[in-house]
Structures are given as C-alpha cells and as structure tokens.
Amino acid sequence: MKSFISQGVQILATGSAVPSVSLNNDQISKIVETSDDWIFTRTGIKERRLLTGNQQSVIDLATVASARALDKISMNPAQLDLIILATSSPNDLFGSASQVQFEIGAINAVAFDLTAACSGFVLGLVTAVQYLRTGSYSNALVIGADVLSKWVNWSDRTTCILFGDAAGAVILQSCSTIDNSILDFQLNTDGNYSNYLSIQYQIDDYPHPLLNLYQGSFKFISMNGKEVYKFAVSQVPLSILKCLNNLNMSVNDIDWLLLHQANERILKAVAEKLSISDNKIIANLGKYGNTSAASIPLALDEALANNKIANNDIIVIAGFGAGLTWGTIIIRWKSSQLK
Ligand code: COA
C-alpha cells in the first residue's frame with residue numbers, strides 16, 4: 001500500500017436493505033429451547049430479519065442496497081467500473097454479482113463475488129480500493145450481503161439465534177491523494193482454525209458407479225462459539241493496534257469503532273481492551289443479529305442516516321469471522337459529493 005499509489009479513494013454513498021419479516025427472541029423460543037433472557041444476555045440480540053418465501057434471494061437484497069446508494073448521489077449506474085459482491089450465501093455458486101450488475105443496470109462494470117464470510121465486506125473494500133488507487137478504475141460498488149438464515153440449522157439453538165439476513169453497499173470513487181479517505185488496512189488469515197466456523201461440503205457415502213466420483217452437498221453452519229469468541233476478542237484489538245501504529249495514530253484518535261456486528265459482548269470486550277469508551281461503539285445488532293458480510297455496511301449506513309458521523313471523523317472498521325479471517329480498515333470520513 002505504499003509505493004505505486006497514485007490516487008486516493010473516497011466513499012461517496014452508502015445504502016442498505018433488510019427483509020421486512022422479523023423474528024424476535026420470544027418467537028425463536030417457540031422453535032428451539034431458549035429464552036429472550038439467555039439470548040439477550042449472551043449476545044445483545046433482540047431480533048433479526050429473515051428473507052422468507054421462495055421468490056427472493058441475496059441478489060434482491062444486494063440490488064436494493066446498491067440502488068439506494070446510487071440514488072443518494074443520483075449516480076448513473078453506467079458510471080460504475082467495478083462491482084464486488086462479498087457474500088457466503090450466493091444464489092449461484094458460479095457467482096451472484098453478475099445478476100446484481102444486470103439488475104441495477106451497471107452495464108460497464110465488471111462484477112464478481114468474494115467469499116470471506118463475516119470478513120467479506122472488509123476484504124471486498126480493500127480489494128476495490130486497490131483498483132481505484134492504481135488508477136485502473138474510477139468508480140466501484142462494494143456490497144456485503146448474506147442470507148445465512150438459509151444455511152442455519154433451525155433446530156440448533158447454539159447457532160440459529162445469532163444470524164439474520166441483510167445487505168449493505170458503498171460506492172467508492174478515486175480522488176486526489178489529499179482527499180483520500182481510506183487511510184490504511186491490515187488483514188489476516190489463519191486457516192488452521194477453519195473448523196471453528198464453517199459450512200462444509202459433505203461428500204455422499206457412495207460414488208458414481210462407473211466413475212468412482214463422489215458428489216455431495218453443503219451442510220448447515222457449524223460453530224465452536226467459545227473458540228470464535230476468544231479468537232475475536234484476542235485478535236481484533238491486535239489488528240486495530242497494528243493498523244493505528246502504521247499510521248502513527250493512537251486509540252485516542254478514534255471517533256468511532258465499527259466492528260462486525262457478531263455479539264455485543266465481543267464489541268464491548270474489544271473496546272475495553274483498547275480503552276475506547278462504549279459511546280464510540282457503533283452497534284445495531286440488537287435489531288438485526290449477525291448479518292455476516294452485510295453487518296458493517298448496514299451499521300455504517302444507519303449511523304450516517306442518524307447523523308452520528310461528522311466530517312473528518314476517524315472510523316476504525318474491523319471484520320472477523322470464518323476462515324478464520326480478520327482485518328481492519330481505518331477511514332477518515334469525508335462528507336463528499338459526486339464529481
Ligand atoms: N439458549 C439457551 N441455552 C443455550 C443456548 C440457547 N440458545 N445455546 C447454548 N445454550 C446452553 C448450552 O447448551 C450450555 O448448557 P450447559 O452448560 O448445560 O452445557 C450453556 O447454554 C452455555 O453454553 P455456551 O456455549 O458455553 O455459552 P456461551 O456463554 O459460550 O455463549 C455464544 C454462546 C454462542 C453466545 C458465544 O459463545 C458467542 O457469542 N460466541 C461467538 C459466536 C460468534 O460471534 N460467531 C460469529 C462470528 S463471525
């Protein structure tokens with residue numbers, strides 16, 4: 001991120017979409033043995049949104065979130081050069097981004113999916129920033145969207161209480177380096193612990209009779225909650241500190257802490273480790289649960305709609321999740337206009 005940078009990058013607009021159907025903790029307690037008290041105390045979640053019915057998919061949520069972001073700045077979708085859809089619940093394993101590209105009419109954009117679970121938005125944002133910084137592209141749309149309700153075992157109370165469906169989108173544009181908003185990033189992966197959180201492919205018991213070829217299908221989400229919790233609380237603060245250090249900044253410079261919305265206890269524990277006061281934490285997971293790749297852009301969009309974030313505020317964004325993968329992006333917020 002140092003030598004061949006010729007451009008800065010600004011976030012021009014955000015958008016988000018959630019399904020209209022909500023499921024609160026009392027309703028979940030009629031499906032599995034749990035209670036509002038258990039879920040709220042352990043996670044901070046009160047309710048989550050679910051994409052019910054058989055007519056809609058992650059593509060619909062991603063399309064609405066993207067269209068809302070475009071509308072905010074009256075941007076013609078044909079101006080987009082790049083679309084990255086961060087999702088781990090695609091409607092097509094060959095990729096869903098191209099269908100979003102078609103739906104929003106971004107006829108000039110190359111579009112592809114990026115799979116990195118709850119870190120997907122952070123990785124998607126960093127990926128798009130590289131294309132913009134080098135001058136290859138001028139305008140990019142990064143979407144985080146997931147419908148993990150389709151991949152949850154609704155009789156497993158240890159996981160089904162956590163997740164919800166949503167999409168969030170940001171529009172990025174290259175700019176002069178003076179106006180640069182994306183100050184630095186720090187990314188990590190440790191595949192040694194991929195079994196802590198996964199949607200595994202299960203191979204059938206018997207092969208094709210002539211080909212010795214095994215086929216299969218994906219299983220439900222499986223998770224070691226305790227280990228994931230320990231990983232997040234120990235690694236996320238380190239990533240944030242490394243990123244701050246690269247910029248010669250300190251935790252005192254942080255105006256907003258925007259973490260992946262997995263669990264309120266994780267958010268508070270990370271803030272406490274960094275000595276950041278609770279009133280700097282951006283949190284909306286009480287209403288939506290863990291929406292995976294969507295959680296950060298959804299929370300950002302909501303914080304902006306509530307006028308929380310001011311010009312030049314420093315926002316520390318950190319994602320973490322399956323892989324295991326985690327990382328930080330530090331942003332100086334610019335209230336910018338489409339050029
Ligand atoms: N309702 C009621 N009881 C439940 C329950 C539920 N939904 N889920 C588990 N329990 C029970 C367990 O069976 C266990 O009972 P036991 O003591 O009789 O064996 C007890 O509650 C404690 O379970 P435990 O797994 O130790 O709870 P926990 O305090 O670790 O909390 C999580 C569980 C999932 C909330 C917590 O581990 C967590 O948030 N982890 C991180 C998960 C995450 O964020 N994943 C996504 C990352 S991107």
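Observations on the model:
- Using θ = phi - 60° in the Karplus curve 6.51 cos²θ - 1.76 cosθ + 1.60, the 3J(HN,Hα) couplings for the range 82-92 round to 8, 10, 10, 9, 7, 8, 10, 9, x, 8, 8 Hz; x is entered for Gly and Pro.
- Once the mean of 1/r is taken over each pair of separate Cα atoms and inverted, the range 8-179 shows a Kirkwood hydrodynamic radius of 16.9 Å.
- The trypsin sites (Lys or Arg not before Pro) of the range 5-87 that DSSP puts in a loop, and whose beta carbon has at most 10 other beta carbons within 10 Å, are 30.
- Farthest positive-ward along the chain dipole, Cα basis, beta-carbon charges - from 317, 27, 104: 317
- FRET efficiency, 1/(1 + (r/R0)^6) with R0 30 Å, evaluated for residue 227 and residue 6 via beta carbons: 0.10
- Cβ-derived FRET efficiency at R0 25 Å, residue 94 paired with residue 210, nearest 0.05: 0.45
- Partners for residue 334 among lysines (Cα-Cα distance below 30 Å; same-chain residues under 8 apart left out): 2, 72, 242, 268, 273, 280, 287, 308
- Within straight-line cross-link reach of residue 30, aspartates and glutamates at Cα separation under 17 Å, skipping those fewer than 8 residues along the same chain: 47, 156
- Residues residue 33 and residue 335, FRET efficiency given R0 of 45 Å [Cβ-Cβ distance, rounded to 0.05]: 0.40
- Helical content alone sets the calculated 222 nm signal of the chain at -8500 deg cm²/dmol, taking -39,500 (n - 2.57) per DSSP H segment of four or more residues and averaging over every residue.
- Applied to the range 270-283, the Karplus parametrisation 6.51 cos²θ - 1.76 cosθ + 1.60 on θ = phi - 60° returns per-residue 3J(HN,Hα) values of 5, 4, 5, 4, 9, 6, 9, 6, 4, 6, 9, 7, 8, 9 Hz, with x for Gly and Pro.
- Taking label positions 7 Å along the Cα-Cβ direction at both residue 190 and residue 26, the computed distance is 4.2 nm, reported to one decimal.
- For residue 52, distant residues with modelled amide H under 5 Å away: 21
- Filtered chymotrypsin sites (Phe, Trp or Tyr not before Pro), the range 94-136: DSSP coil and at most 15 other beta carbons within 10 Å: 94
FYI, it's all coordinate maths here, none of it is from the lab. Note that this is a predicted model, so its numbers are computed, not measured. Methodologically, a virtual Cβ is constructed for each residue, glycine included, from the backbone with ideal geometry; neighbour enumeration extends over all protein chains shown.
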